[in-house]
Amino acid sequence: TAAPDLQAIIDRIAEEMAGQADRGKVADYIPGLARVDPKHFGISIATHDGKMYSAGDAAMPFSIQSVSKVFALTIALGKVGDSLWQRVGREPSGNAFNSIVQLEAEHGIPRNPFINAGAIVVADVILAGHQPKEAIGEILRFVRQIAGDDGIMIDDEVAKGEAETGFRNAALANYMRSFGNIHHPVEQVLGVYFHQCALTMTCEQLARAGRYLMLEGQHPDTGFNVISPMRARRINALMMLCGHYDGSGEFAFRVGIPGKSGVGGGIMLIVPGIASIAVWSPGLNDRGNSTLGSLALERLAVATGWSVFNQR
Ligand code: GLN
C-alpha cells in the first residue's frame, strides 16, 4: 500500500478539531494549567525515516504532566533494572490516576508506574544517591537529550503550584512510606515528582522525545541505545495497558496504539517501527485525558491504518 500523505491527513484533522464544540474541561487545580486556552490543538509526527510533520499549535509549549512518567520510568529502569518491579506492579489499575484505594490491599506497591503512586516510587528511585536538584537536573538532561533539544524547560510556577496543592500526592507518598516503599524524605521525593510533571514541551519536542520508543530503544540521532529493545517493548506494553488510567481500555479500543496522557492535555503515542506522535489539546474528559487529543488520534489511526492489532 502507498505511504499515507501524513501532512494532508494532519492538516485535515487539525481543521476538524478547530470546529469541535465539545472540548472537555481544562485542568484547574493550579493557575498554571487553569489559564490555558481550551481552543488550542497541536499535533506532530516524527517518522522512522527521520521526517517531521506538524499541524496546528505544534510549536506551542505546554505542561506535559504525566507524559513525563514514561521518561522517568526509562531513567529508573536504567538505574536499577528489573529490580524496579519489586516496588511497582505492571497491571492496569482501573482507578483514577491519583487513587489511593488499591495501595492498602497491595501493601504499598502501586499497580503500575503510570499512576501517581507508581510515578512517586519511580521518582524515589531516581532520587537515590542524589540531592533533589541533581535528580531534577538528571530528568531534564535526559529529556533534552532524547529530544535533541536543549531548549526544553521546567516551568517553576507549575512545579510550585503542584507542591501547594499536592495533598493527595503527599498522602500517597506517606502511605507508601509507611510500607517501606519510599526510601527518601517525602518532601524530597515529591519535589522531584512535581518538577518532572512541570516539564514544558511543544508537540514537536515531545514527538522527537518519543522516538527511542518507536526504534526499539535506539536514539535516532546518535545510534546509541537509550534502553534495550526489550525494555522499549515493555514500556510500550505498559503504555497500552496503563497509559490512560481508567480510560486505558477505551483508548486501546478507539486508537489501538500505546499512548501516555497528561492532565496538561498532551498525549504521546508510539507506533512501533513507524512513528512517534504528540498531540495536545488542553480540554480533558472525565478520566483526565485530552478530549480532542483522543479524538484526533482515533481519526489519525483510521486515516493511516496504523494499529498494533493489525499488521500489514
Ligand atoms: N501533576 C499531576 C498530579 O500529580 C499529574 C497527573 C496527570 O497528569 N494525570 O496530580
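Suppose the filter is open to solvent by 10 Å² or more (accessible area, probe 1.4 Å) and within 16 Å of the ligand (Cβ to nearest atom); does ASP37 pass it?
no
Any idea which of ILE64, ILE30, ILE13 is open to solvent by less than 50 Å² (accessible area, probe 1.4 Å), closer than 18 Å to GLY283 by Cβ and in contact with an Asp or Glu (Cβ under 8 Å, 6 or more places away or on another chain)?
Of ILE64, ILE30, ILE13, the one residue that is open to solvent by less than 50 Å² (accessible area, probe 1.4 Å), closer than 18 Å to GLY283 by Cβ and in contact with an Asp or Glu (Cβ under 8 Å, 6 or more places away or on another chain) is ILE30.
Within segment 282-299, can one find any residue that is open to solvent by 10 Å² or more (accessible area, probe 1.4 Å) and over 19 Å from the mean Cα position of the chain (by Cα)?
yes
Select from segment 128-144 the residues that are open to solvent by 40 Å² or more (accessible area, probe 1.4 Å) and without any contact (Cβ under 8 Å) to a residue 24 or more places away in the chain and write down the one among them that is farthest from LEU199 (Cα to Cα).
GLY129
Before we move on, is ILE277 buried (at least 19 other Cβ atoms within 10 Å of the Cβ), of a type in the set (Val, Ile, Thr) and more than 16 Å from the chain's Cα centre (by Cα)?
no
Restricting to segment 167-188, count the residues that are among the small types (Gly, Ala, Ser) and either crowded, with 22+ Cβ neighbours inside 10 Å or away from the ligand (no atom under 15 Å from the Cβ) (or both).
Of the residues in segment 167-188, 3 are among the small types (Gly, Ala, Ser) and either crowded, with 22+ Cβ neighbours inside 10 Å or away from the ligand (no atom under 15 Å from the Cβ) (or both).
Scan (1) crowded, with 18+ Cβ neighbours inside 10 Å; (2) closer than 16 Å to GLY265 by Cβ for the single condition LEU73 breaks and write down its number.
(2)
Quick one: in segment 16-25, which of the residues that are on the phi < 0 side of the Ramachandran plot and in contact (Cβ under 8 Å) with a residue 12 or more places away in the chain is surrounded by the most Cβ atoms within 10 Å (Cβ to Cβ)?
Applying the filter and picking the extreme gives MET17.
Go through (1) within 16 Å of the ligand (Cβ to nearest atom); (2) open to solvent by less than 50 Å² (accessible area, probe 1.4 Å) for ILE45 and report which single condition fails.
(1)
Which of (1) among the polar types (S, T, N, Q); (2) farther than 17 Å from GLY264 by Cα; (3) touching a helix residue (DSSP H, G or I) at 6+ places or on another chain (Cβ under 8 Å); (4) touching a residue at least 60 places away in the same chain (Cβ under 8 Å) is the odd one out, the single condition GLN218 does not satisfy?
All conditions are met except number (4).
Among the residues in segment 96-116, are any at pLDDT below 95 and surrounded by 23 or more Cβ atoms within 10 Å (Cβ to Cβ)?
yes
Take the conditions closer than 17 Å to ALA72 by Cα, more than 16 Å from the ligand (Cβ to nearest atom), open to solvent by 10 Å² or more (accessible area, probe 1.4 Å) and in a helix (DSSP H, G or I) and apply them to ARG208. Does it pass?
yes
Taking interchain pairs and intrachain pairs at least six residues apart, which have beta carbon atoms under 8 angstrom, with the first residue in segment 285-312 and in the same structural domain as ARG23 (by TED's automatic domain parsing) and the second acidic (Asp, Glu) and not in a helix (DSSP H, G or I)?
THR291/ASP22
Which pairs have Cβ atoms under 7 Å, sit 6 or more apart or on different chains, and link a residue in segment 232-252 that is farther than 15 Å from VAL88 by Cα and away from the ligand (no atom under 14 Å from the Cβ) to one that is acidic (Asp, Glu) and open to solvent by 10 Å² or more (accessible area, probe 1.4 Å)?
ALA232/GLU216
Could you look through segment 189-205, keep only residues that are within 16 Å of the ligand (Cβ to nearest atom) and not aliphatic (A, V, I, L, M), and pick out the one that is farthest from PHE167 (Cα to Cα)?
Here the residue is THR200.
Select, from ASN225, ASN310, ASN236, the only residue that is more than 15 Å from the chain's Cα centre (by Cα), at pLDDT 95 or above and either of a type in the set (Phe, Trp, Tyr) or open to solvent by 10 Å² or more (accessible area, probe 1.4 Å) (or both).
ASN225
The values are calculated or read from the model by the stated rules, or taken from the named source; none is laboratory data. Given the structure is predicted, the values throughout are model-derived calculations rather than measurements. For neighbour counting, all protein chains shown are included, and Cβ atoms are generated from backbone atoms with ideal geometry for every residue, glycine included. Side chains are part of the model used for accessible areas, which takes the heavy atoms of the whole protein and leaves out ligands, DNA and RNA. Shrake-Rupley method; radii C 1.70, N 1.55, O 1.52, S 1.80 Å.
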